[in-house]
Structure formats: structure tokens, C-alpha cells
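The values are calculated or read from the model by the stated rules, or taken from the named source; none is laboratory data. If you're wondering where the values come from, they're calculated on a predicted model, not measured in any experiment. Note that each Cβ is placed from the backbone with ideal geometry, even for glycine, and that neighbours are counted across all protein chains shown. Quick note on the areas: whole protein, heavy atoms, side chains included, nothing else; ligands and nucleic acids left out. Shrake-Rupley method; radii C 1.70, N 1.55, O 1.52, S 1.80 Å.
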Amino acid sequence: MALLQIAEPGQSPVPHQRKVAVGIDLGTTNSLVAAVRHSVAEVLPDAQGQRLIASAVFYGAPDEVRVGHAALQMQGQYPTDTLVSIKRLMGKSLADANEMDMPYAFEQVGNSVAVVTRHATVTPVKVASQILFHLRDLAQQTLGDDLVGAVITVPAYFDDAQRQATRDAARLAGINVLRLLNEPTAAAIAYGLETGVEGIYAVYDLGGGTFDLSLLRLSQGVFEVIATGGDTALGGDDFDQAIVDDFLQRTAQAPLSSSQHRHLLMAARQAREALSDNEQVDVATGLQAPLDRLQISRHQFEVLAQPLVQRSLACAQRALDDADKQVSDVQGVVMVGGATRMPIVQRCVDEFFGRSPLVDLNPDEVVALGAALQANLLAGNRGSDDDWLLLDVTPLSLGLETMGGLVETIIDRNSTIPVARAQEFTTYRDGQTALALHVVQGERDLVSECRSLARFELRGIPPMAAGAARIRVTFQVDADGLLSVTAQEQSSGVTAQVAVKPSHGLTDEQITAMLKDSVAFADEDALARMLREEQVKGQQLIETTIAALERDADLLDQEQRKSIEAQIEALRTKLGQDDVDQLRLAVKALANATDDFAAMRMDRSIRLALAGKSLDEI
Ligand code: ADP
Ligand code: MG
């Protein structure tokens, strides 16, 4: 007899079935896809063995689209049909695009900018999706499996529009985005820093056209970006340009054609990359003498490179200043970007931070590798040997304001994200048709002591008795930390929604202070909560009693009516004072005083109902 196997909790019932998830570095110059195979993250090469896929898309005849190296080859002949550095346009407007120094014609399409080529007018999202599609295809060919999803990296400074554009591009490419991950965080993960010493880490990323410096704070296995700095017009390309300028000065040449210029730039790049491993290089430019050979020594190059490297370090200093940190606070430095292969860059970064930067992993692959590790984790492939865990958590509790200015916590602090929680609320008044929702963040019981995140209203609630409506409020924090709050009235289905970024504009110091206060004021808050709750109860009792008197006062004699009114007054006075016990007594007294009245009203409504009339009819 075959026995049915039962898996241990937390273990996959089918041990050999792994879900394939990849990490994608969608770069300005180069893009890559990586995956964890046999417990190791590795970059997936394409059929030609290329690991870096040029972030270039060529639009030839209608429907002819080439991506990567094949696109770059067309750049010489069709410079404006070969789109490069498209990442710079993600989430940007037409006006933004026109201010950039890019060789393309732009147009507005919908609410996005679009690039006009001879055969196609394409939005940056579309172009990016074509690169992503190419990477997805490559991954599926290599891994021979369907992808469950991908982690895609974005610069830490990307705003919501730029992140959304990246998500849209992935969706267009048919990729399920497990999450967007900040590039510096991905690099830190690739080095396994999250299991290391807590503290501040610097990520120095010098790519083809951009320089980014990020400061990360690691605590309890979670990275947080505490400052970003950089220069969107400083990258390997600028070093190439410096070589060309110097070369032209030395050869004293007249102005060049743009094609000649491009040839020289390509030769300069080749020379510069070769100089990372050689002391002296000699590169054929493909041009006529005296421009035919570009000869340069490493020393000559470093003289040209020095001012550019200094510019990057000035950015690093500014980021440190912004975060109120010093070089000595930095626990480790991670090198990212192909251009950090230049020895002068490594040397100067070492001198600046007073410590050797991490360079063991390929700097142009490290972001994709970290993304692959994260993707593997999110896809649920945690092996016993990957006992590291990178979790993002909500640093502070998230909740709603309820009557009396009190906070009802929906998502507790330190919940791992993504997370969703729902709770039901109801109306306070009879016939209430709208609900004001106030989303707050913090650990205190009183709304006034918490941080206000958003306010919105749910309208169109069908009129019902107080407490009869059922309004389900759902809090959802996605993997990027974006909070969406949805309120839905259950009988009619009316819905209202709001989305906010709870971490926006919140510093470490503020979080720490808020946590400290929650402990310091715990007793005080508990008392305040009791008082507020009793006040709400008292206020509500007064309101319902007055409404009842208005309707059925004829059931009472003078004496009874006076007594109830006296208790209302007594309770009113206590409402304005801060004595919970006295207030509680007054609430009880009014409730007692109205007991008989309530019974008489009940009788009346039963009698009316039996007579076939509703209360409203009299
Ligand atoms: P991005 O993040 O902008 O997509 P990459 O990280 O791929 O870019 O970096 C591209 C840059 O790295 C190019 O300027 C390229 O010349 C440079 N690069 C690549 N290899 C080397 C090398 N061996 N020496 C110097 N620079 C290099
Ligand atoms: Mg990069």
C-alpha cells in the first residue's frame, strides 16, 4: 500500500519543484537578467554568450524591432531610430524630455512623452518593455521554464511615477513583478551584507552615463536608504569624451563630422576599458591618419580622469552631509557599475572612505545578482542553506481614527510586508450616509499623538440605524511599502480608497522618538483611552435619549421627564471633566433613569406594529 506523504509545516510538498524567478537590472546602458541556480546567483548569458545586454532598441521597418547588441549595430546608420538611455525618460513629461540633451524628437502621447522614430512613435514604457521582453525570453530559453516573476531594480532616487512606469513596462512584457528593489540595496544583498554588522553602508555606482551614491542603513536584516546623491550626467561616457577631447587637442584637428566623432568615442571607450588591465594601449579608430590610432597610457588617462572622479567624491560628501554622517560612520563601501573597474576610481574611493571598497563581484553584475537572490526568496525557494532572510517590515503601526480621537490599529508595527488586514467598522449616528476615514501611523492611543497619513470619505452609505452598517476597511501594504486603504459598505458595495507611502518623509530619529514615546506614555494613554471611550458612550447616550424624548415624551409624566432631563444635564457636566469614574457613574445613572422609558417605548412600538402601522407613520 502506498503511503501518502505529508510535508512538514513550511516545507514544500514537492521538494524538486522549484519556481523560477529572476532578477533584472534594467540599466541605462546595459541590462541583465540573473537567477539562482544550484543555490548560486548567476547572470544568464544569451545565445551569443553575452551577459550584458545593451539597453538599446532599434525600430527599423514597421514591426522590425531589434534589442541589445543587434540594435547598437544600427546606431551608426540610424542614430534617431536606435533608442539608447531610455531609462532617463521613464516617468517623465514631454517638458522634462525636451530639457534633456537627447538626440530624439519627442511628442506627447496620452499623458506620457513618446519618442518619434521613422516607423514608430514609442513611449519609454514601451521601449523598456521591449528590453524586458528580450530578457524574459532569454531567461525562459536558458531556464526552460515559465517564470513566476521577477524582481526588477530601480535607482533609489526613482519617484513614484518612475517606479510606476517601470512596473507598467514589466506588465507590457508579460512579467509578473514580485517587487521593485532599489539598486544599491540589491548590490548590498549580493554581497550578503544583510547578515553582517549593522550600520551604515555606502554604495558607489558609476555606470555608463550616471553616477549614484546611496547610503544604506542596515538594522535587523533590513536595509533602508537614508540618503542618495549623485550626478545624472557623470558616467563612463564622460571619461570617453575627455579622452577624445585630449586626443583632438594633441592632433590639432579641425571640427569632425558626427560620424567621425562617434568612431572616436567608440575607440576611446575601448581604450579606456583596456586601460583597466593594461598600462598602455593602442587602438585603431577606423579613421584616416592622423586620427587612425589612439595611443594612450594609463598615467595620461588618469590625469584626464582625476577631475571627474573628484566630482563623484564631492557628491559622496554631500550625501554624507545630508544624512548627517561622516566618512568614519561608514561600515563598508560597495562598488557598482562597469566604470568602477577603472583603477583610479577604486583608488580614490579607497582614499576617500579610508577603507577598501568591495570589488569581488563583477560591478556590472552585482545589482542583477542581488535582485536574483531576492526573487528566489520571494518565489518561496528558501533552501535550508539560505538561512538569510531579508524582510521589509512596517516600522510603525498603521491604523484608523475612531470616535473620540482614538486609534484602532489595523496593521501592527514590525509586520513583514507585503501584508493585508481588514476590519469592520460601523456608523455612529442613525441615518449616517458618509464616513470620514483618517489613516494614521504610530504607537500611541490618541490620534493627536500619531502621524496623520491620509484622510478620505466613504459616501453613499444607505441610511440605517447607528451601528447597523457594516463597513469593511482593508489595509494593504505592498512589497514596496505603498499602503492602500479601501473602505467598502457591505450591503451596497459603495467603495472608497486612498493610497499613501507611510515611510515618506519619516526619518530614523522620528521613528525612534515615536517608539520611545509609546512606552513612556503607555499608562497615560491607557487612561486617556478609557476616558475617551466613556465620553463617546456618554455622548451617544445623551443623543439617543434626546431623540427618544422628542418622539415619545408623551409616555412620561412630568416627574419622570424632569428626572431624565436632570440626569442628562449631570452627564453633560461630567463629559467636560476628566474623571473617568465619575463619568462612568453618570452614564450608568442616565441609563438607569431611562430604563422604564425604554420599556414603555418598546411597548408602544409593538402595539403599533400589531396595528399594522410603522412608527414613522404616526
Ligand atoms: P549602467 O548602470 O549605466 O547600465 P554599467 O554598470 O553596465 O552601466 O556600466 C557601463 C560602463 O562601464 C560603460 O561606461 C563602460 O565603458 C564601463 N566599463 C565596463 N567595463 C569596464 C572596464 N573594464 N574598465 C572601465 N570601464 C568599464
Ligand atoms: Mg547600473
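Table for the structure above
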| quantity | calculated |
| --- | --- |
| Area accessible to solvent at ASP595, 1.4 Å probe radius, in Å² | 90 Å² |
| Length-normalised contact order for segment 398-518 - Cα pairs under 8 Å, 6+ apart - percent | 24 percent |
| Filtered trypsin sites (Lys or Arg not before Pro), segment 83-145: DSSP coil and at most 14 other beta carbons within 10 Å | ARG118 |
| Under 5 Å, built H, 5+ apart or other chain: amide partners of VAL20 | VAL148 |
| Projected-area average for the chain over all orientations - Cα convex hull basis, square nanometres | 41.3 nm² |
| Two-site FRET efficiency, ARG355 against ASP277, from Cβ-Cβ distance with R₀ of 25 Å, rounded to 0.05 | 0.55 |
| Calculated FRET efficiency for the pair THR544/ALA609, C-beta based, R₀ 30 Å, to 0.05 | 0.90 |
| Cα gyration tensor, segment 101-229 - rounded (a/c under 1.5), prolate or oblate | oblate |
| Carbon plus sulfur fraction of accessible area for segment 523-610, probe 1.4 Å, in percent | 51 percent |
| Test item: Cα-centred dipole of segment 398-518, Lys/Arg +1 and Asp/Glu -1 on Cβ, debye | 280 debye |
| Euclidean distance of C-alpha centroids, segment 218-290 and segment 525-601, integer Å | 81 Å |
| In Hz, Karplus ³J(HN,Hα) per residue of segment 361-371 (6.51, -1.76, 1.60; θ = phi - 60°; x = Gly, Pro) | 8, 4, x, 8, 10, 4, 5, 5, 5, x, 5 |
| Normalised convex hull volume, segment 523-610, alpha-carbon set, Å³ per residue | 88 Å³ |
| Average accessible area per residue (Å²) across segment 208-305 - probe 1.4 Å, nucleic acids and ligands excluded | 48 Å² |
| Residue-wise HN-Hα coupling along segment 218-229, computed from phi with Karplus coefficients 6.51, -1.76, 1.60 (Hz; x: Gly, Pro) | 9, 8, 6, x, 10, 8, 9, 7, 9, 7, 10, x |
| Phi to ³J(HN,Hα) by Karplus 6.51 cos²θ - 1.76 cosθ + 1.60 over segment 407-424, Hz, x for Gly, Pro | 9, 9, 6, 9, 10, 5, 5, 6, 6, 6, 9, x, 8, 9, 9, 10, 8, 9 |
| 20 Å Cα-Cα reach of LYS562 towards lysines, excluding residues that sit fewer than 8 places from it in its own chain | LYS574, LYS588 |
| Rg/Rg_ref, segment 398-518, where Rg_ref = 2.2 N^0.38 Å and atoms are Cα | 1.09 |
| Degrees separating the helix 595-610 axis from the principal Cα axis of the chain, which is the longest one | 90 degrees |
| Nearest-10 value in Å² for the accessible area of ARG572, using the 1.4 Å probe | 110 Å² |
| Spin-label pair GLU565/MET100, simplified geometry with 7 Å Cα→Cβ offset, distance in nm | 7.5 nm |
| Amide H contacts under 5 Å for VAL334, placed H, 5+ residues apart | ALA202, VAL203, TYR204, LEU358 |
